Amino acid sequence: APWCGHCKRLIPVWEDLGEAFKSADNVVVAKIDATSNDLPKALGVTGFPTLLLFKGDGSPPENYSGERDYASLANFVSKKTGAKPASGFKPKSGEAAKPSEPLDKMALRFFNTDFQVPWMSSGYKVSGLYLAAICVFLLFVASIALVIACLSRDAPPP
């Protein structure tokens, strides 16, 4: 999805993966915008990005749920297909090429991100700010419970 922050961050890694395996005969690294194309419901695309491995033999695709970095994806492709990345290939999307993000920007990005939580219905999203508020509230309740427990103890005998 073009609007998805996770998808945008995956683009350089995905391009590196395609470049690394472009000489492999049995590997095609492709992307599709699921928001502007009708995909079969059987693929189970409910979130973005969804990474699927199609083996080309008519079997159902395998869902990838690992880390979204070049090394993890390249290892997955190699393990599942037997293909190896081009020898000497150096990804441009490596962690060394990325400057570390300041904590305040990371926190703002978290607050502005929508998350699907497991206890809600499919397709229902909750903002990061809401999740952070729930965590703060639960910490507050736990601290009050601890204070009450400490105050309600019997005083030690003199």
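The values are calculated or read from the model by the stated rules, or taken from the named source; none is laboratory data. Predicted model only: the values in this text are computed from it and were never measured. Note that we place each Cβ from the backbone using ideal geometry, even for glycine, and neighbour counts take in every protein chain shown. Please note that ligands, DNA and RNA were not included when accessible areas were found on the heavy atoms of the full protein model with its side chains. Shrake-Rupley method; radii C 1.70, N 1.55, O 1.52, S 1.80 Å.
For the range 36-68, give me each residue that is closer than 23 Å to Asn26 by Cβ and touching a Gly at 6+ places or on another chain (Cβ under 8 Å).
Listed by number, the residues that qualify are Thr50, Asn63.
Taking only pairs six or more apart or across chains, which ones have beta-carbon atoms under 7 Å, a first residue in the range 58-69 that is within 14 Å of Val45 (Cβ to Cβ) and touching a residue at least 40 places away in the same chain (Cβ under 8 Å), and a second residue that is assigned to a loop (DSSP other than H, G, I, E, B) and open to solvent by 50 Å² or more (accessible area, probe 1.4 Å)?
Close Cβ pairs (under 7 Å, with a partner that is assigned to a loop (DSSP other than H, G, I, E, B) and open to solvent by 50 Å² or more (accessible area, probe 1.4 Å)) do not exist here.
Have a look at Gly56, Gly128, Gly66, Gly82 and point out the one that is exposed (fewer than 13 other Cβ atoms within 10 Å of the Cβ) and under 17 Å from the mean Cα position of the chain (by Cα).
Gly66
When only residues in the range 1-53 that are exposed (fewer than 13 other Cβ atoms within 10 Å of the Cβ) and of a type in the set (Lys, Arg) count, which is farthest from Asn112 (Cα to Cα)?
Once the filter is applied, the top-ranked residue is Lys41.
Can you spot a residue in the range 117-131 that is under 18 Å from His6 (Cβ atoms), modelled with pLDDT of 85 or more and small (Gly, Ala, Ser)?
Scanning the range 117-131 turns up at least one residue that is under 18 Å from His6 (Cβ atoms), modelled with pLDDT of 85 or more and small (Gly, Ala, Ser).
Residue by residue, here is whether (1) β-branched (Val, Ile, Thr); (2) in a helix (DSSP H, G or I); (3) out of contact with any helix residue (DSSP H, G or I) (no Cβ under 9 Å at 6 or more places or on another chain) holds:
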{"site": "Phe89", "(1), (2), (3)": "no, no, no"}
{"site": "Ser93", "(1), (2), (3)": "no, no, no"}
{"site": "Lys105", "(1), (2), (3)": "no, yes, yes"}
{"site": "Pro118", "(1), (2), (3)": "no, no, yes"}
{"site": "Ala133", "(1), (2), (3)": "no, yes, yes"}
{"site": "Val136", "(1), (2), (3)": "yes, yes, yes"}
{"site": "Val141", "(1), (2), (3)": "yes, yes, yes"}
{"site": "Ile144", "(1), (2), (3)": "yes, yes, yes"}
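Within the set of pairs 6 or more residues apart or between chains, which connect a residue that is at positive phi inside the range 125-151 to a residue that is modelled with pLDDT under 90 and among the aliphatic types (A, V, I, L, M) with Cβ atoms less than 8 Å apart?
Pairs found: none.
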